[in-house]
1. Apply the Karplus parameterisation 6.51 cos²θ - 1.76 cosθ + 1.60, with θ equal to phi minus 60°, to every residue of the stretch 13-23 and state each ³J(HN,Hα) to the nearest whole Hz, in sequence, with x for glycine and proline.
2. Starting from the Cα of residue 11, move 7 Å in the Cα-to-Cβ direction to define the label point; list residues of the stretch 57-77 whose amide nitrogen is under 20 Å from there.
3. What does the helix-only formula give at 222 nm for the chain: each DSSP H stretch with n ≥ 4 adding -39500 (n - 2.57), the total divided by the residues, and the result rounded to the nearest 500 deg cm²/dmol?
4. Counting pairs on different chains as well as pairs 8 or more places apart, how many Lys pairs in the chain have Cα atoms under 20 Å apart?
5. Just add up the charged neighbours of residue 2: K/R +1, D/E -1, any other residue whose Cβ is under 12 Å from the Cβ of residue 2.
6. To the nearest 20 Debye, how big is the dipole of the chain about its Cα centre, given +1 on the beta carbon of each Lys and Arg and -1 on that of each Asp and Glu?
7. Run through the stretch 14-53 and list the trypsin sites (Lys or Arg not before Pro) located in a DSSP loop whose Cβ has at most 16 other Cβ atoms within 10 Å.
8. List, in order, the whole-Hz ³J(HN,Hα) value for each residue of the stretch 59-69 obtained from phi through the Karplus relation with A = 6.51, B = -1.76, C = 1.60 and θ = phi - 60°; use x for Gly and Pro.
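Taken together, the values in this text are just the output of simple stated rules run on the coordinates, not laboratory data. No experiment lies behind these values; they were computed from the predicted model shown. Neighbour counts run over all protein chains shown; Cβ positions are idealised from the backbone, glycine included.
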Amino acid sequence: MEYKVVPFVASIDPKRGTTNHVAEQLESLIKNFTNQGWEYVRLESVSTFVHPESGCFGIGAQPGFTTNNQMVVFQKK
């Protein structure tokens, strides 16, 4: 079995955007890959720790933080 994992980041207008716009973007991504022969499996949330930056002599130092990314999983049999 073959797998493909694709990042999914929805983009909406903060004043006029709705959850329907997010759903439409996800649906479009799924349709695009199913048309290429991939089968949708699931949407996964992946937590990632971004290491801190010490900066030059401490100038511009930034603490580490955790971020979450959405990944769409597809498979081919």
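1. Taking θ as phi minus 60°, the curve returns 6, x, 8, 10, x, 9, 5, 5, 5, 5, 4 Hz for the stretch 13-23.
2. Flagged as within label range: 68-72.
3. Values: 1 runs with 17 residues, N = 77.
Taken over the chain, the calculation gives -7500 deg cm²/dmol.
4. Numbers: 4/31; 4/76; 4/77; 31/76; 31/77.
Eligible lysine pairs with Cα atoms under 20 Å apart amount to 5.
5. Numbers: positive: 4, 76, 77; negative: 39.
Net of charged neighbours comes to +2.
6. Details: 7 positive and 7 negative charges, 35 e Å.
In debye, rounded to 20, the chain gives about 160.
7. Details: sites: 15, 16, 31, 42; in loops: 15, 16.
Those that pass, being in a loop and sparsely packed, are 15, 16.
8. 3J(HN,Hα) across the stretch 59-69, in whole Hz: 7, x, 5, 9, x, x, 7, 9, 10, 10, 10.
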